[in-house]
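The values are calculated or read from the model by the stated rules, or taken from the named source; none is laboratory data. These figures come from a predicted structure and were not determined experimentally. Glycine gets a Cβ as well: all are built from the backbone with ideal geometry, and neighbour counts include every protein chain shown.
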Amino acid sequence: MNEGKYNIKAVSTMTGIQPGTLRAWERRYEILEPVRNEAGHRLYTDEHIRKLKWLSDKVQQGFTISQAASLLDQHEETPPYLPNSEASQHEALSEELLQALLRFDEVKAQELINKAFSLYTIDNVTINILAALLVKIGTLWEDGEITTAHEHFATSILRSRIGMVMHSFPHNGVLPKVIAVCGPDEWHELGLLIFTLFVRRLGYEVVYLGASLKEGDIFTVTDTVKPKFLFLSCTLKRNLEPTIQLADELKAKYPAMEIGIGGSAMNGPISEKGKSYVVGNTQDEWKEWMSSRL
């Protein structure tokens, strides 16, 4: 039996996560449920430690905690920690892929991505290699360490392969169509890509539009696709109200369409109107939101 044996101070020391942050993660995202001793103090298991280290790694790679928690929830079992030799191979492959992208070597980059898919699961490659590199490339560009040309080239290839994975899943013709798009002035697509991958795996046909569209274009697309669901992604607080306003306009024009908003901007205080669009942060919340509106 995997019994609780570490108090919160010990867990903080082992994982580098501050006790206050750890309590907030537990409360907000229901990441884990520590047992309590007779005095009522939290006790954590080795499995909890593995989960927390995995989450901490993802946050350090550039994921928000809500994105990391959602990814964790998609794993039926605790994300495995690879043996040292295999972990080193995983890291070496990621670094080699990064360098190929920065050399504008598309042939080598595609060869390495194919190799990754031959060695690891679809989730591992898509999230832990391709999506993680998307975050890293974005950070390098923002820090001025690579040019815009590097960022455009690398991002194009990584997004293309993630898109190929999404489109490889067969869709169920009985299920309604879905549109996924970033809110106004939103350019960070990672969270939306992860969400879309999840929806595709459920069998839905998803029209993925990505970064913010020109004003009015979303109505043209909606008129053509006639989706049952439309999801907007918002990561920046300053874009939250315009995103909610767009959702209101879409709802007014298409009252039968179900509209949801996700992203880190939805985790803080939001208006009463905005609360009606919350889809949640975890796989179970997303699935419940959609199934309750079919």
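Report yes if V206 is in contact with a strand residue (DSSP E or B) (Cβ under 7 Å, 6 or more places away or on another chain), at pLDDT 85 or above and either in the same structural domain as V135 (by TED's automatic domain parsing) or farther than 23 Å from R28 by Cβ (or both), otherwise no.
yes
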Of all residues in region 11-27 being modelled with pLDDT under 80 and within 24 Å of the chain's Cα centre (by Cα), the one that is surrounded by the most Cβ atoms within 10 Å (Cβ to Cβ):
T15
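Quick one: in region 28-58, which of the residues that are of a type in the set (A, V, I, L, M, F, W, C) and within 28 Å of M266 (Cβ to Cβ) is farthest from the chain's Cα centre (by Cα)?
L32
Residue-by-condition table, conditions (1) on the phi > 0 side of the Ramachandran plot; (2) surrounded by fewer than 19 Cβ atoms within 10 Å (Cβ to Cβ); (3) modelled with pLDDT of 90 or more:
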site	(1), (2), (3)
L97	no, no, yes
A100	no, no, yes
E111	no, yes, yes
F117	no, yes, no
Of the conditions (1) modelled with pLDDT of 90 or more; (2) in a helix (DSSP H, G or I); (3) not hydroxyl-bearing (S, T, Y), I146 clears all except one; give me its number.
(2)
Can you find a residue that is part of a helix (DSSP H, G or I), in contact with a Leu (Cβ under 6 Å, 6 or more places away or on another chain) and surrounded by fewer than 18 Cβ atoms within 10 Å (Cβ to Cβ) anywhere in region 221-231?
no
Of all residues in region 250-271, which are out of contact with any Lys or Arg (no Cβ under 8 Å at 6 or more places or on another chain), loosely packed, with under 12 Cβ neighbours inside 10 Å and under 26 Å from W25 (Cβ atoms)?
P269, S271
Residues (assigned to a strand (DSSP E or B) and not acidic (D, E)) located in region 190-220
V206, V207, Y208, L209, G210
Of the residues in region 30-60, those that are of a type in the set (S, T, Y) and either within 19 Å of N128 (Cβ to Cβ) or modelled with pLDDT under 75 (or both) come to S56
Can you pull out every residue in region 246-294 that is more than 17 Å from K177 (Cβ to Cβ), part of a helix (DSSP H, G or I) and touching a residue at least 60 places away in the same chain (Cβ under 8 Å)?
L246, S264, N267, Q283, D284, K287
